[in-house]
Amino acid sequence: MKLDDLQKIAEHEVDFQRAYKHRINVCCSSGCVPFGALKVLKAFQEAVREFGVEKECKVARTGCVGTCSVGPAVIIDPGDYLYQSVTPEKVREIVRDHIVLGLPVKDMLYHGEAFFKKQRRLVLRNAGKIDPSRIEDYIAMGGYSAIGKCLATMTPQGVIYEVSRSGLRGRGGAGFPTGQKWSLVARTHTTPKYIVANLDEGDPGVFANRTLAEADPHAIIEGMLIAAYAVGAEKGYIYIRAEYPLAIQTLQKAIAQAKGMSLLGDNVLETGFKFDLELRFGAGAFVAGEETAILASVEGRRAMPRPRPPYPANSGLWGKPTLIQNVETLANIPVIIQNGGEWFSKVGTAKCSGTKCFSLTGQINNPGLIEVPMGITLREVVYDIGGGMQDNRPFKAVLVGGPSGGCLPEALLDLPIDYDSLTKVGAIMGSGGIVVIDDQSCMVDTAKFFTDFCVEESCGKCVPCRAGLVKIKETFENITQGTGKLDDIAALDKAGQYIKEASLCGLGQTAPNPVLTTLRYFRDEYVEHIVEKKCRAGKCFRNLKKEEDDAQ
Amino acid sequence: MTVGTVKLKIDNVEVAVPEGTTILEAAKSNGIDIPTLCNLEGLSGYGGCRLCMVEIHGSPKLFAACVTPVGMGMEVITQSDKLREYRKMAIQFILSERTHICAVCVANNACELQKLANDLGVDHVMFEREWTRLPVDSTHDFLVLDRNRCILCTRCLRVCDEIEGVHTLDLKMRGKDAQVIIDLDEDWANSSSCTSCRKCAKVCPVGAIYVESVALEETKDKGIAEFVLSRRNRK
């Protein structure tokens, strides 16, 4: 297949889709399937037949819309009507009123327009709009035209220049400039070179990468193709959690389709460019998100990080130059190539361009998957997009950056979200988890919870992370069970600082963040716990209370 | 390819070492001692014990001297209040992690952990100590693995893999539960790959792997090569 053929497929597909008057997109992602999305899909297929509108109505199985709290979600186009909590029983009514009579069923529509208003969808541009199992759907949206453009009109250096100019920074959490990383790999003369796409999310409550893979797998593949062309790699691996069955299935299908259309393989778009792609399954370890640990795991070894340098750009997989990128970073690439680096650099802030996907969870009204421009404030995310606190309870804290992120108080809600300002207040961008916490949660207990997680996930290689975190956990147990001492606060501070500075990899270096930020912003709760044996939220001292009750 | 010379300062002393040398080696060759437990000359760098952390002028980060190569013009600081504090902390954490009781340890007075604790002035452990009992493997004819004394420095793993070339030893589990295992978690007596070369016992910095009923000085004796050869050639 040549580049011209791609254009023809796109045109043909657009015509084909235009033939339908309506398009019913049923979200069938991991979030909606447990609520019966597949039954809803089937019900729609049956209903359009029953009403005799199957010729004018296309029922499509799509990826995530974002409003995970009101699933299964269904979007009917034209008009972008979003139906919430659709059940198979309601389907007949929707098809009859909306499609046949042209009267959208108002009381079933989703009315959280604010949820979408402040979002900006670049990475999730196709999520919920295309059928991820059809490559034609992606091509019709302009898919694979970016790699086509690169191969036909750009040099590898030109591609890197464009990516550098976009100001894109790695979405894996650390925020390293993507263009710089690419030129490091491109500059090495050793061959072969490899690309590894990181799709290993281990954090509780984080699902953005999984959702992306389920909704738009070709965006990841196209991003990898462009990266491979730019740095001169011929082989790539997508490192994905084995416990993401739907994402794996979707990606496998997408890779097979891309191979079938010569978009992957020995002769991409008949230009002589060669790139092949394989999936690698991770057994599930938080530390496997660390780039050197991924490398070990892809090679088939125990996922343990190693010290850098050498950096993977010089010595990665099997000692060869390797480009490691998060899938979210890669999904940005086609957009940058299509619209130009300069266009992209104007989205977000000057130092931090583009958007970021967040898994927004916790005690708020509209949890779900969001994509916002960099520089948006936490207040906008919590109140405008998140719809404010559940049951109007008082806001207490927001945890930004997953289990090794920072707990930020209300005073910091106007903080703009970008890599640098988050780091300044002790939080991290991390893998993009935002957990909103209300007054029913105890901050000491929350910090303990996340420390427990990191204790379980520590690989055991270095002393600070392996042994230090255990001691922090034990100190927390003492404090929350009524045997804490005031000295413990200083000890926690000291140990946390040590673990942060001395650990070998990112897991250990960020694991004390919840501890250090709660000590910084919620110290009075620690003192209350230790001195007064009081927990404002009533989460701690359960054993103590039980003993007292038993004694009486 | 010729190897260039790198000039740098370690604790304000100007030194010149071959390119690619680690900070630890550079310091050692110039008589500056940086403490370490997991590092051993001749084995690959591991960077696990974090005792050899040093400061490099101009960087807010700390660097593990055993795995950081020297750079031209680098100014390395190996001793500071913060580094001493952190090294003590590392020793405290190691001591609190398993049952390290010197009086009943074969390595008493010949133990690198004990020596470092003494040198650094670790007189107490700030955190509660762990008393969980882990399995001891004494099934081998003369080698004993006492996991309660193991500090997970993996010197034994690396010497077995990289020098002896058999990779009998490995780790299982992760984090605090990580343990050294023989083959696929077999008893040592049933190991099909172990050549009984004793290298693991020789390199163990503490008393976790030792030769039964043999004084530690003798274990560390180099005159076992003949024995190793005879074990290797056995069918």
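Every number in this text was worked out from the coordinates using simple rules, so none of it is lab data. The shown structure was predicted, so the numbers you read here are calculated from the model rather than taken from an experiment. Positions of Cβ are backbone-derived with ideal geometry, glycine not excepted, and every protein chain shown enters the neighbour counts.
With each run of n ≥ 4 DSSP H residues scored as -39500 (n - 2.57), what mean residue ellipticity at 222 nm is computed for chain A after dividing by its residue count and rounding to the nearest 500 deg cm²/dmol?
-12000 deg cm²/dmol
Beyond 23 Å, how much of the Cα-Cα pair distribution for segment A:80-212 remains, as a whole percent?
59 percent
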If I stretch the segment between residue B:214 and residue B:128 completely, what's the gain in nm (0.36 nm per residue apart, minus their alpha carbon distance), one decimal?
27.7 nm
Would you please classify the overall shape of chain A from the alpha carbon gyration tensor, given that a ≥ b ≥ c denote the square roots of the eigenvalues, rounded means a/c under 1.5, and beyond that prolate means a/b larger than b/c while oblate covers the rest?
oblate
One finds, for residue A:256 and residue A:15 with R0 = 25 angstrom and r their Cβ-Cβ distance, a FRET efficiency to the nearest 0.05 of 0.50
If each K or R counts +1 and each D or E counts -1, the residues other than residue A:231 whose Cβ falls under 10 Å of its Cβ total +3
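Over 18 Å between Cα atoms: which of A:473/B:176; A:235/A:320; A:181/B:7 fall into that group?
Numbers: A:473/B:176 12 Å; A:235/A:320 12 Å; A:181/B:7 28 Å.
Violating the 18 Å limit, Cα to Cα: A:181/B:7.
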Let me spell out the model: positive unit charges on the Cβ of Lys and Arg, negative unit charges on the Cβ of Asp and Glu, origin at the Cα centre of chain B. What dipole size does that give, in debye rounded to 20?
140 debye
Report the paramagnetic label zone for residue A:456: residues of segment A:261-296 whose backbone N is under 11 Å from a point 7 Å from Cα along the Cα-to-Cβ axis.
A:286
Extending each Cα 7 Å along its Cβ direction at residue B:75 and residue A:55, get the distance between those two points in nm, one decimal.
8.3 nm
On the Cα set of segment B:18-157, report Rg and Dmax in Å, please.
16.7, 54
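Within 10 Å of each residue's Cβ, count the other Cβ atoms and sort A:356, B:176, A:539 from fewest upward.
A:539, B:176, A:356
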What aspartates and glutamates could a cross-link reach from residue A:396, if we take a straight Cα to Cα line under 18 Å and drop same-chain neighbours fewer than 8 places away?
A:380, A:384, A:410, A:414, A:438, A:439, A:445, A:524, A:525, A:528
Express in nm, to one decimal, how much length is gained between residue A:87 and residue A:301 on full extension, taking 0.36 nm for each residue of separation and deducting their alpha carbon distance.
72.5 nm
Take every DSSP beta bridge with both residues inside segment A:134-292 and express the antiparallel ones as a percent of the total, to the nearest 5.
20 percent
Along each of the three principal axes of the Cα atoms of segment A:416-532, give the extent in whole Å, ordering the values from largest to smallest.
38, 35, 21
DSSP-defined beta bridges in chain A - what % are antiparallel, rounded to 5:
50 percent
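Residues with beta-carbon under 15 Å from that of residue A:172, excluding residue A:172: net charge, scoring Lys, Arg +1 and Asp, Glu -1?
After counting each charged neighbour, the total is +1.
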Calculate the FRET efficiency for residue A:109 and residue A:523 from the Cβ-Cβ distance with a Förster distance of 60 Å, rounded to the nearest 0.05.
0.85
Near-label residues of segment A:476-505 by backbone N, under 11 Å of a point 7 Å along Cα→Cβ of residue A:533:
A:481-484
Defining a contact as two alpha carbons under 8 Å apart and six or more residues distant in sequence, what relative contact order in percent does chain A show?
13 percent
Relative contact order of segment A:325-418: what whole-number percent is it, with Cα pairs under 8 angstrom and at least 6 residues apart?
21 percent
Which value, in debye to the nearest 20, gives the size of the charge dipole of the protein assembly as shown about its Cα centre, when Lys and Arg are +1 and Asp and Glu are -1 at the Cβ?
880 debye
Relative exposure of A:106, A:500, A:471, judged by other C-beta atoms within 10 Å (fewest first):
A:106, A:500, A:471
Segment A:441-552: relative contact order in percent, alpha carbon pairs under 8 Å with at least 6 residues between
34 percent
Chain B: C-alpha gyration tensor shape, a/c 1.5 cut-off, then a/b vs b/c
oblate
Along the Cα→Cβ direction, 7 angstrom out, place labels at residue B:29 and residue A:3. What is the inter-label distance in nm?
5.3 nm
Proximal aspartates and glutamates to residue A:8, defined as alpha-carbon separation beneath 18 angstrom and excluding residues fewer than eight positions away on the same chain:
A:136, A:137, A:270
How many nm separate the modelled label positions at residue A:494 and residue B:167, each set 7 Å beyond the Cα in the direction of the Cβ?
4.2 nm
Fewest to most neighbouring Cβ within 10 Å: what's the order for A:81, A:194?
A:81, A:194
Need one word for segment A:441-492: rounded, prolate or oblate. Basis is the Cα gyration tensor (sqrt eigenvalues a ≥ b ≥ c); a/c below 1.5 gives rounded, then a/b vs b/c decides.
oblate
Other residues with Cβ under 15 Å from the Cβ of residue A:272 give, with Lys and Arg +1 and Asp and Glu -1, a net charge of -2
